[in-house]
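In what follows, a structure is listed as structure tokens, so that the remarks can point back to it.
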Amino acid sequence: MNTLKTAFLLTALTLLLVLLGSHWGENGMIFAFILAAAMNFFSYFYSDKLALSMYHAQPVTREQLPRAYEVVERMTQRLGLPMPKIYVIPTDAPNAFATGRNPKHASVAVTHGILQLLNDDELEGVLAHELGHVKNRDILTSSIAATLAGAIVLLARMTWWAEMFGGFGGGGRDRRGGGISALFMLILAPIAAMLIQLAVSRSREYEADATGAHITGNPYALASALEKLDAYSKRIPMLGSPSTAHLFIVQPLLSRGDFANLFSTHPPIAKRIERLIGRPSVYGAPQR
């Protein structure tokens, strides 16, 4: 299923670019197709590196972060997975994500904040969740979705500015008509990008939660971690890009005024906790 989703996303990117290129004739379509092929190649092989670099993630060794390394090593041996690369994001905001094109090329990134906030059992639950994404082989799909979403927004803005200033030639009337179409693209493209993310992210969080709880045999630890992350991420918000928000275990803060704020890339934390332990809160009284 994830292979089909990946193929769909890459095909969608190609069709989108060709459609935009057709606005400037046959040469535009040819250029757009070549650009799509290049972007598909980049998305497959380098989307994970782009996501890591966006958040200034730094690779760490076993000696630098033995606490996380020991947990990940133990669980990957249990699952029969290769050891992923471990990265640390230099921010006090608590969060984590996994990325990569397959288990052999997987990376797990955690923030300084999450390392300080969670106890050992809770951190194990979070890392098991991220390895669940690796085991379920949805890390490539989510990484490509991030690249595709960013590309859609970027292309929409490029088209808008090019048409506004007549960058692609044509008469004034054509530019005015094109400007209207570009305006629609500018408005609709971020929404389309978020719909792509929603299609690949909401169910995968539930699946990764279930896989993580199964790996550790301790769903309460992951539920407790989620409840802490939900509370502390509001106190110390992590600024995230709309194109990569779906990668994180809890949704980061998105910039104000962005169309992405109209959507949520994650299921409600209370529902995720309820699926794990049968009630919407670890510490509070069960809701009736």
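Please treat every number below as a calculation from the coordinates, not as lab data. Bear in mind that the values here come from a model prediction, so they are computed numbers and not experimental data. So basically every Cβ, Gly included, is an ideal-geometry build from the backbone, and we count neighbours across all protein chains shown.
Taking GluC sites (Glu not before Pro) across the stretch 40-143, the ones in a DSSP loop with at most 13 further Cβ atoms lying within 10 angstrom of their Cβ are GLU63. Measuring how big the stretch 74-113 is from its alpha-carbon positions, Rg and Dmax come out at 11.3, 32 Å.
Here the translational diffusion coefficient of the stretch 81-144 follows from Stokes-Einstein with Rh set to the Kirkwood radius across Cα pairs; for 25 °C and 0.890 mPa s it amounts to 208 µm²/s.
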